[in-house]
Amino acid sequence: MKEIWPPWPRNAFLADFHIHSKYSRATSKDMEPLALNETAKLKGIQVVGTGDFTHPGYLKELEEKLEPAEEGLFVCKDDPEGTRFILTAEVSNIYTWRGKGRRIHTVLFAPNFEVVRDIQARLKAIGNISADGRPIFGFPAKELVRLVMEASPECFVVPAHVWTPWFSLFGARSGFDSVEECFEELSCHIHALETGLSSDPQMNWRLSSLDDYTLISNSDAHSPWKLGREVNVFTCDMNYHSIIEAMKVPKKGFQGTIEFFPEEGKYHFDGHRACNICFSPAETKRHKGICPVCKRPLTVGVCHRVDDLADRPEGFVPKGALPNIHLIPLEEMIAQAFGVKSITKRVHKEYLQLLDMAGTEFDVLIWEEEEELRRRLPEELSERIIAMRQERVEVSPGYDGVYGRITPIVSEEKAAKPESKTKEPDKKDKKTRPRQKSLF
């Protein structure tokens, strides 16, 4: 249980920097400024990355729909008091280095549209920036840093989801063993690392080599409703330079992160999705890294990779470590209260009805007092939120592209029975299970 809940003042602001637009593969058509503005307000997120500023079509849309707000931030023209946007993009570098294929994703921050247009021009001269909102290039990641910093020293570069097996700085399949190995003489421009959904700060604290980097967390959202799966907490002034400076020097206003439970991330444990095999690092080692079903190498997950590189035991807390908390998205808990495993239209309707009553999603998950939660919310939901805050949860870890499942532990008489895909309830269960029309 956390000694202090929450560990930040209520006047802190939340920021989710790493997202994608509708111009990226496998993203919702609603990933555009107007929809993002409205969803961020429902969530309680004050600053959102634009995502995909490298794409010419999206940049045109951003310039048409946004106008300047605070220095380096922007708002929708028809909602000047709404969500603030900061110019961000993700780039993929796929190349061979020292005889091994490398796939590194990087998040870029830019201070204004003029710099974005300069970055676009530099990238366009090298490759195709129109095919995907997250463009792919064949040159080393360190050269991307050089290019961006030449465009403007006010830019900020963050290695994305650094532990993901396939596309990241430390990824087991195609990454490096250190920041310096990847970025070499340009490592001086790397001040922060994005931990990704499948790891959290506690896992990263096991590496003393990461002590000097600010650990940030973002949603990597491909649809508006995935905004805020992970966010950053700030108490600095809300403008570009203050936000960037706080990520370089946390004492200047970076306060920590709000996290997924890392076990819910889809690359936390090792395994084979096609073979339905999910292993802990110890189990993988006992099987010598080979799937017992298909006899092929297992996909090594984040937990295993952290183990391989760590020089500290689990539970180590470095001096000056910033606080973080773990949350379950509110719609997931509403679905659990209904006893279903997916976000249905019915669940979404209940979610919106709850926000009409109680404020933003983060108001409900973080800021409301327990007594107020119990007074205003149905018991089926309030008890789950309180259990989540206390980290009383059951865990089914994610692996090889399969999301894990986190279930708050509440007393049996207060919990709705979840439906199962693998075992059909018997007739008696079907007859006696209560039909829930609404939680409210």
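General remarks:
- Complete set of residues in the stretch 189-210 that are more than 25 Å from VAL148 (Cβ to Cβ) and surrounded by fewer than 21 Cβ atoms within 10 Å (Cβ to Cβ): GLN202, TRP205, ARG206, LEU207, SER208
- Candidates THR106, THR96, filtered to the one that is without any contact (Cβ under 8 Å) to a residue 12 or more places away in the chain, part of a strand (DSSP E or B) and of a type in the set (Ser, Thr, Tyr): THR96
- Residue match in the stretch 109-132 (condition: in a strand (DSSP E or B) and surrounded by 15 or more Cβ atoms within 10 Å (Cβ to Cβ)): yes
- Some residue of the stretch 315-323 being at pLDDT below 95 and within 18 Å of ILE258 (Cα to Cα): yes
- For the stretch 133-149, filtering for residues that are in a loop (DSSP other than H, G, I, E, B) and either among the aromatic types (Phe, Trp, Tyr) or under 25 Å from THR27 (Cβ atoms) (or both) leaves 5.
- Pair list, Cβ < 9 Å and 6+ apart or interchain, from the stretch 183-207 residues that are touching a residue at least 40 places away in the same chain (Cβ under 8 Å) to residues that are polar (S, T, N, Q) and in a helix (DSSP H, G or I): THR195/ASN204
- Considering the stretch 310-330, the residues that are hydrophobic (A, V, I, L, M, F, W, C) and part of a loop (DSSP other than H, G, I, E, B) include one that is farthest from ASP211 (Cα to Cα), namely ILE328.
- Inspection of the stretch 258-272 identifies no residue that is under 22 Å from the mean Cα position of the chain (by Cα), surrounded by fewer than 21 Cβ atoms within 10 Å (Cβ to Cβ) and without any contact (Cβ under 8 Å) to a residue 24 or more places away in the chain.
Quick grid of which residues meet (1) in contact with a helix residue (DSSP H, G or I) (Cβ under 7 Å, 6 or more places away or on another chain); (2) surrounded by fewer than 16 Cβ atoms within 10 Å (Cβ to Cβ); (3) under 19 Å from ALA121 (Cα atoms):
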| position | (1), (2), (3) |
| --- | --- |
| THR39 | yes, no, no |
| GLY44 | yes, no, no |
| GLY51 | no, no, yes |
| GLU71 | yes, yes, no |
| VAL91 | yes, no, yes |
| ILE94 | no, no, no |
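- Selection from the stretch 162-182 of residues that are in a helix (DSSP H, G or I) and under 23 Å from the mean Cα position of the chain (by Cα): VAL179, CYS182
- Residue in the stretch 131-141 that is of a type in the set (Asp, Glu) and over 30 Å from GLY289 (Cα atoms) present: yes
- Here is the figure for the stretch 273-299: residues that are crowded, with 16+ Cβ neighbours inside 10 Å, β-branched (Val, Ile, Thr) and not in a strand (DSSP E or B) total 1.
- Check on CYS236, of a type outside the set (Asp, Glu) and in contact with a Gly (Cβ under 9 Å, 6 or more places away or on another chain): yes
The values are calculated or read from the model by the stated rules, or taken from the named source; none is laboratory data. The structure displayed is predicted, hence computed values, not measured ones. Because the Cβ atoms are built from the backbone with ideal geometry, glycine has one as well, and the counts that use them run over all protein chains shown.
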